[in-house]
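Data first, discussion second: the structure below is written as structure tokens.
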Amino acid sequence: MDIKQAIKERHSVRKYKEDPIPEELVNRLGELIRECNAESGLHIQLILEDPGCFDTLLAHYGWFRGVRNYIAIVGEESLPDMEELGGYYGEKVVIEAQRMGLNTCWVAGTFSRGKCKAEVAPGEKLICVIAIGYGEETGTKHKSKPLSKLCDVPEEEMPVWFRNGLRAALMAPTAMNQQKFRISLEEGEPVITAGRGAMTRIDLGIVKYNFEAASGHKCR
């Protein structure tokens, strides 16, 4: 499937089968993660067969079950826009995973940081993790705010590429599905800004990736 279809079909999945991720897909994910780290300066890691990270009351409270594999988003605390970069490149991996037939879920709080097996060096921060594997289901579409709450460009004035990017941005996962962002068009250039609150910088990166991947236009 192409990227726009993958963005449309990708939903948060919290319950996973025991089926392991095939070696071929592990290798493809590893190569993609190495490329993302080289571009961003992050230290994203794929952790396999570690059920302990999600063996917590918080995870059960968050309705997670059977999570054995996850992607750890780690970065130097001194890295400019670290959380936004984590969201952007994490979402890039998520969408490629969807194209491979895998399911995912962004997780910020309902996992055990103490049991997480990611390498976190001095000066680095574990931003969040992404559950990954074969889901028991494909998930469901999340509700979205009215377009007028998220974008100030009249629909009749939207270029086709902008409309494509906007649709993909509205499908982006955000913390508690709060969608705390705004999208505008300034002198022909798309601009996405984050609102206030926890996780909004990560959300900004996720939204930006979806917009850029579907529209072919870089945001600021």
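Bear in mind that the values in this text are calculations on the coordinates, not laboratory data. Everything numeric in this text was worked out from a predicted model, so none of it was measured. Positions of Cβ are generated from backbone atoms using ideal geometry, with glycine treated the same way; all protein chains shown enter the neighbour counts.
Segment 1-50: which GluC sites (Glu not before Pro) are DSSP loop and have at most 12 other beta-carbon atoms within 10 angstrom?
Working: sites: 9, 18, 23, 24, 31, 35, 39, 49; in loops: 18, 49.
The qualifying sites are 18, 49.
Using only the Cα atoms of segment 147-215, what are the Rg and Dmax in Å?
Using the Cα atoms of segment 147-215, the pair Rg, Dmax is 11.2, 34 Å.
Do any of 4/92; 125/218; 125/145; 8/141; 92/143; 8/92 go past 20 Å between their Cα atoms, and which?
Table pairs above 20 Å Cα-Cα are 125/218; 125/145; 92/143.
Taking the Cα centre of segment 147-215 as origin, sum charge times position over the Cβ atoms of Lys and Arg (+1) and Asp and Glu (-1), and report the length of that vector in debye to the nearest 20.
For this selection, approximately 460 debye.
Obtain the nm distance between the two label points defined at residue 152 and residue 49 by a simple spin-label model: each point lies 7 Å from its Cα along the Cα-to-C-beta direction.
For the pair residue 152/residue 49, the computed spacing is 5.4 nm.
Need one number: nm distance between label points at residue 196 and residue 57, each 7 Å from Cα along Cα→Cβ, rounded to one decimal.
3.2 nm
Could you sort 114-127, 161-174, 197-210 so that the peptide with the highest average Cβ count within 10 Å comes first and the rest follow in order?
On the way: 114-127: 14.2, 161-174: 20.7, 197-210: 23.1.
In decreasing order of mean packing, 114-127, 161-174, 197-210 become 197-210, 161-174, 114-127.
Sort 92-98, 179-185 by packing, meaning the average of other beta carbons within 10 Å per residue, with the highest value first.
Descending packing order for the listed peptides: 92-98, 179-185.
Note down the nm distance, to one decimal, between modelled labels 7 Å out along Cα→Cβ at residue 12 and at residue 141.
Here the modelled spin labels are 1.8 nm apart.
If you put +1 on each Lys and Arg Cβ and -1 on each Asp and Glu Cβ, how big is the dipole of the chain around its Cα centre, in Debye rounded to 20?
780 debye
So for segment 9-103, taking the charge dipole from beta-carbon charges (+1 Lys/Arg, -1 Asp/Glu), which of 86, 72, 52 sits furthest toward the positive end?
52
If each residue of separation counts as 0.36 nm, what is the full-extension length gain between residue 121 and residue 178 once their alpha-carbon separation is subtracted? Before the final figure, lay out each step's value.
Working: separation 57, 0.36 × 57 = 20.52 nm, distance 3.17 nm.
Extending this stretch completely gives an extra 17.4 nm.
Convex hull volume of the Cα atoms in segment 3-133, per residue, in Å³?
In segment 3-133, the Cα hull volume divided by residue count equals 100 Å³.
Over the Cα atoms of the chain, compute the convex hull volume and normalise it per residue, giving Å³. Intermediate results must be reported in sequence, preceding the final value.
On the way: hull volume 26.4 nm³, N = 220.
So the per-residue hull volume is 120 Å³.
What do you get for chymotrypsin sites (Phe, Trp or Tyr not before Pro) in segment 11-84 restricted to DSSP loop and a cutoff of at most 16 other Cβ within 10 Å of the site's Cβ?
Answer in residue order: 63.
Going by Cα centres, segment 30-80 and segment 111-190 are how many Å apart?
If you average the Cα positions of each part, the centres end up 17 Å apart.
Which residue, chosen from 128, 118, 144, occupies the Cα position most advanced towards the positive end of the dipole of the chain, where the dipole is computed from +1 (Lys, Arg) and -1 (Asp, Glu) charges on Cβ about the Cα centre?
144
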